[in-house]
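Can you keep this structure in mind? I'll have questions shortly.
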Amino acid sequence: MAVTGLGVVSPVGSGADRFFDALLAGKSGIRRLDLRNAERLGVRIGAPVLDLDLSGFTPSLLAQTERVSQLAIVAAREALSHAGLPHANAPPERRGVFVGCGYGGAQTVESGYEALFARGEDRVRPLSVMLAMTNAPAAHVGMLVGAQGPCLTYANACASGAIAIGEALRAIRGGESIWPLPVAPRALLTFGVIKSWEMLQVLALEDQQDPGASCRPFSADRTGLVLGEGAAFVVLEEWNVAVKRGALVLAELAGYACRNDATHLSKPDSAGQARVLRAALADAQLAVVAISHINAHGTATLLGDRVETEAVRAVFGDTPKALPSAPPNQCMAT
């Protein structure tokens, strides 16, 4: 399956090219957060998007969208433009939107609670339900592209985005959609969300010398993860369709697998991770030696990184030592 378009809104720069350049330069998007009630947080760092351009939004669209949907719309527009607007030639019922979003409008939920419980008010925003629902980004992008085919949202924690891409791949293979648009938006930087994660004791301690270096996956001195926000879209097309229309093919999505550990709600399981890695390789019909890069989940938690390393070694043996670094409960082979 061909990847023909990319759209990115990220803490290190918006736009796929700027994002890629920032990654190559080793730029970090982590910084001290300036938000209300920050003084009540034990962890005051995060990775916010600072350059979100909403100039193309009408007043009506602004009123109907929460930040998570706004991030998704901006990324989707770039991906469509990057791919050469392929949806224009596809029947509406064959256009699909597949979104991985583990949490919807956090700002709307928090503002509503403050109004009701902190200030004793009897009203919240009239559009609160539509702003806060987890499938709002998918709905807005579906309207953007006129998608009358599948418009689905996958809420599977950190694996949500990868699962959305993989399920879009399956939709093409099954003939349900010839032009799916998978996306992964997230906007979690509110006081209540950060405090909730803080209680799990998995957030990284702030590096006092350089806040941007606070998250250190696979390092001996790692202390945890850092919450952030952003969105990324890819345009998937059947290979022959992409070649026929003269599209620039950026990558091939060769295989996908999804498995559940069925052991614990938050504690990772290396055997489950190894199962999904092997299943993805089998789906892609690739041998271990064909893999030249492993994209790690790398939560930088003491347990998470150790378990992930065990799973990668169980599948790849000593090969990872020679590679640049397989997500825990999902993996895609490219």
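No value in this document is a laboratory result; all are computed from the given coordinates. As the structure is a computational prediction, the values presented were derived from the model and not from experiment. Here Cβ is always computed from backbone atoms with ideal geometry, including for glycine, and neighbour counts include all displayed protein chains.
Once the stretch 78-128 is represented by equal point scatterers at the alpha-carbon sites, with solvent omitted, what log10 I(q)/I(0) does the Debye formula produce at q = 0.27, 0.31 Å⁻¹?
Values, matching the q order: -1.02, -1.13.
Using the beta-carbon distance between residue 127 and residue 36 and R0 = 22 Å, what value does 1/(1 + (r/R0)^6) give for FRET efficiency, to the nearest 0.05?
Numbers: r = 22 Å, r/R0 = 0.99.
FRET efficiency, residue 127 to residue 36: 0.50.
Given the options 33, 91, 8, identify the residue whose Cα lies farthest towards the positive end of the charge dipole of the chain (+1 on Cβ of Lys, Arg; -1 on Cβ of Asp, Glu).
Positive-end residue among those listed: 91.
A follow-up question, please. Hey, if you drop one equal point scatterer on each alpha-carbon of the stretch 200-267 and run the Debye formula without solvent, what base-10 log of I(q)/I(0) do you get at q = 0.13, 0.18, 0.21, 0.22 Å⁻¹?
Results for the stretch 200-267 at q = 0.13, 0.18, 0.21, 0.22 Å⁻¹ read -0.74, -0.89, -0.96, -1.00.
I've got another one for you. So how much slack lies between residue 20 and residue 143, counting 0.36 nm per residue of separation and subtracting their Cα-Cα distance, in nm? Let's see the in-between values first.
Numbers: separation 123, 0.36 × 123 = 44.28 nm, distance 2.84 nm.
Full extension from residue 20 to residue 143 adds 41.4 nm.
Percent of Cα-Cα pairs more than 25 Å apart in the stretch 184-328, please.
Beyond 25 Å sits 43 percent of the P(r) for the stretch 184-328.
In angstroms, what radius of gyration and Dmax does the stretch 1-51 have, counting Cα atoms only?
In order Rg, Dmax, the Cα atoms of the stretch 1-51 give 14.5, 48 Å.
List, largest first, the extents of the alpha carbons of the chain along their principal axes, each in whole Å.
Taking the Cα atoms of the chain, the three principal extents are 58, 50, 39 Å.
Would you kindly work out the equivalent ellipsoid of the stretch 154-218 from its C-alpha gyration tensor and give its semi-axes, the square roots of five times the eigenvalues, largest first in whole Å?
So the three semi-axes of the stretch 154-218 are 35, 14, 10 Å.
For the stretch 1-112, taking Cα atoms only, what is the radius of gyration to one decimal and the Dmax to the nearest whole Å?
Every Cα atom of the stretch 1-112 included, Rg and Dmax give 16.7, 52 Å.
For the stretch 116-225, what is the convex hull volume of the alpha-carbon atoms per residue, in Å³?
Looking at the stretch 116-225, the number lands at 168 Å³ per residue.
Using DSSP to call loops (not H, G, I, E or B), can you name the trypsin sites (Lys or Arg not before Pro) in the stretch 9-103 whose Cβ has at most 12 other Cβ atoms within 10 angstrom?
Here the trypsin sites (Lys or Arg not before Pro) that fit, given the DSSP loop and packing criteria, are 36.
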